[in-house]
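Sharing a structure with you now.
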Amino acid sequence: MYPRARPPQALGFERILYEKQDGAARVTINRPEVLNALDFRTLTEMGAAFQDASWDDAVGVLVLTGAGERAFCTGADLREQEQFLRRPRDYWKWMGAFIEAQERLRNIGKPTVARLNGMVVGGGNEFNMACDLAVAAEDVVLRHVGTARGSVPAAGATQWLPLIVGDRRAREILLLCEEFTAQQALDWGWINRVVPRADLDAAVARLVDTLLHKLPEVTRYTRQHLNFWRDLSWHLTVGHARDWLTLHAGSPETQEGLEAFVEKRPVDYEGLRRRLAADEPTEQHWGPPVGRCPHCGAAHLPEGFTYCGQCGRALKGA
């Protein structure tokens, strides 16, 4: 027997809300207290919900949205990302969950609609673009912040934004990290509809109803062909993006970006550039871990340390 779709309540989700009714499935990222940011558990639950909706022949359309009114999704949970400074290789696992959720959404076999109820940032925009269509409340803003915050450079937006809005506009979005209004996103072809906030649910419902009144097999095959250029650019690059991001997860740039976020201060761009210009260590704040204590034998001490972190005795001039 092939796997059968299950009732939403049987899936035991904690980070998302999952509903199925009248031919439509709805996935809501339910973390409004952190602006619907994506942690590992959220991504795995989203992937499981997308898979269930794909297998459920009673589902004809999927709607993706965020809880509350402040955010659709603001990308990676930076509080969780802090742990990758200590265990950078764990980022590879996080990125795997992100990729799998993206793949399941794009290959779901039925049309998908992004209901943009609030801020659309970073990975949130990548889930927006992974959907076939998008409807936004008129006060919504969209942006990317990877090159400004030093946390997670875009993986998805770098492949798909040039296809959606054009190369120069994609570079403007990803390099300047400015906010873009829903109306500007509409004008650029980034989203499909902009409506007053009070009309958002009605506009989504109309779109869902229109999509449900289409032939499902023909729709699935149409989507398969429409996905060609996105799939091509994604599959050629996302693997090495995953590995590079893993290597970068413990870098000084990432650390500075995360510390600035936690401390609610600007990123010290000048300090980073000053260290580069002065040939100071940039991969390790205190130099490479090549030192050894002549007293206790502790190894892998940072080259710039004056005292041993294990026995406390002076390392130099001993």
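Rule-based calculations on the coordinates, nothing more; no lab input. It should be emphasised that the depicted structure is a prediction, and the values quoted were computed from it without experimental measurement. Glycine gets a Cβ as well: all are built from the backbone with ideal geometry, and neighbour counts include every protein chain shown.
Can you put F72, F180 in order of Cβ neighbours within 10 angstrom, beginning with the fewest? Could you put the intermediate results ahead of the total?
On the way: F72 29, F180 22.
In increasing order of surrounding Cβ atoms, one gets F180, F72.
For a label point 7 Å from the Cα of Q83 along Cα→C-beta, name the residues of the stretch 27-60 whose backbone N is under 20 Å from it.
Inside the label zone: 30-48.
Work through the residues other than Q81 whose Cβ is under 12 Å from its Cβ and net out their charges, Lys, Arg +1 and Asp, Glu -1.
Residues close to Q81 contribute a combined charge of -2.
Need the list of aspartates and glutamates near K93 for cross-linking: C-alpha distance under 14 angstrom, and skip anything on the same chain fewer than eight residues off.
D39, E80, D243
Non-local amide H neighbours of G291 (under 5 Å, H modeled in plane, Pro and chain starts lacking H): which ones?
H300, L301, E303
Let me check I've understood the local charge: for E256, count other residues with C-beta under 10 angstrom from its C-beta, Lys and Arg +1, Asp and Glu -1. What total comes out?
In short, -2.
Please work out the Cα convex hull volume for the chain and give it in Å³ per residue.
169
What residues have an amide H closer than 5 Å to that of Y307, excluding those fewer than 5 places away on the same chain, when H is modeled at 1.01 Å from N in the peptide plane?
Amide H neighbours of Y307, under 5 Å, 5+ apart: L315.
Please report, to two decimal places, log10 I(q)/I(0) for the stretch 35-168 at q = 0.11 Å⁻¹ as given by the Debye formula with identical point scatterers on the Cα atoms and no solvent.
Each listed q maps to, in turn, -0.38.
Using the Cα centre of the stretch 1-107 as the reference point, and only Cβ charges (+1 on K/R, -1 on D/E), how large is the resulting charge dipole? Debye, rounded to the nearest 20.
The calculated dipole for the stretch 1-107 is roughly 280 debye.
Separate question: Measure nothing fancy, just the Cα-based angle from helix 167-176's long axis to the longest principal axis of the chain, in degrees from 0 to 90, nearest 10.
It is inclined by approximately 50 degrees.
Do any cysteines in the chain lack another Cys Cβ under 4.7 Å, and if so which?
If one checks each Cβ against the other cysteines of the chain, C73, C131, C177 turn up with nothing under 4.7 Å.
Can you sort I191, I164, I29 so the residue with the fewest Cβ neighbours within 10 Å comes first? Mind dumping the intermediate values first?
On the way: I191 25, I164 16, I29 28.
Going from least to most buried by this count: I164, I191, I29.
Among the aspartates and glutamates, which fall within straight-line cross-link reach of K214, defined as a Cα-Cα distance under 19 Å, with same-chain neighbours fewer than 8 residues apart omitted?
Result set, ordered by chain and number: D22, D56, D57, D132.
Can you work out ³J(HN,Hα) from phi for every residue in the stretch 5-17, in order, using Karplus 6.51 cos²θ - 1.76 cosθ + 1.60 and θ = phi - 60°, giving whole Hz and x for Gly and Pro?
5, 10, x, x, 5, 6, 8, x, 6, 10, 9, 10, 9
Within 10 Å of each residue's Cβ, count the other Cβ atoms and sort V262, V165 from fewest upward.
Details: V262 11, V165 21.
Starting with the residue having the fewest Cβ neighbours, the order is V262, V165.
In addition: Among E45, E303, E69, which one shows the highest mean-square fluctuation when the chain is modelled as a Gaussian network with alpha-carbon springs under 10 Å?
Of E45, E303, E69, the Gaussian network model singles out E303 as fluctuating most.
Apply the Karplus parameterisation 6.51 cos²θ - 1.76 cosθ + 1.60, with θ equal to phi minus 60°, to every residue of the stretch 129-143 and state each ³J(HN,Hα) to the nearest whole Hz, in sequence, with x for glycine and proline.
Couplings: 6, 5, 7, 6, 9, 9, 10, 10, 5, 5, 9, 6, 10, 10, 6 Hz.
Give me the angle, in degrees from 0 to 90, between the Cα long axis of helix 90-106 and the longest principal axis of the Cα atoms of the chain, rounded to the nearest 10.
Tilt of helix 90-106: around 10 degrees.
Right, next: For a quick check: with amide H placed at 1.01 Å from N, whose amide H comes under 5 Å from M119's, ignoring anything fewer than 5 positions away on the same chain?
Counting only residues 5 or more places away or on other chains, the set is A71, F72, V141.
Please label the shape of the stretch 207-294 as rounded, prolate or oblate, based on the square roots a ≥ b ≥ c of the eigenvalues of the alpha-carbon gyration tensor (a/c under 1.5 means rounded; beyond that, a/b larger than b/c means prolate, else oblate). Don't jump to the answer; show the numbers that get you there.
Values: a/c = 3.98, a/b = 2.60, b/c = 1.53.
Taking the square roots of the gyration eigenvalues as a ≥ b ≥ c, the stretch 207-294 is prolate.
Counting Lys and Arg as +1 and Asp and Glu as -1, each charge on the Cβ, what is the dipole of the chain about the Cα centre in debye, to the nearest 20?
For this selection, approximately 500 debye.
If I model a spin label as a point 7 Å beyond the Cα along the Cα-Cβ vector, how far apart are those points for Y221 and E172 in nm?
For Y221 paired with E172, the spin-label model returns 4.0 nm.
Then there is this: Once Lys and Arg get +1 and Asp and Glu get -1 on their Cβ, which of A10, N30, V194 lies farthest toward the positive end of the dipole of the chain?
Projecting each Cα onto the dipole axis, the largest value belongs to A10.
So what are the ³J(HN,Hα) numbers for the stretch 21-26, from phi and the Karplus equation (6.51, -1.76, 1.60; θ = phi - 60°), rounded to whole Hz, Gly and Pro as x?
Whole-Hz 3J(HN,Hα) from phi for the stretch 21-26: 7, 6, x, 10, 9, 9.
Full extension from D268 to H235: what is 0.36 nm times the residue separation minus their Cα-Cα distance, to one decimal in nm?
Between D268 and H235, full extension yields 8.4 nm more.
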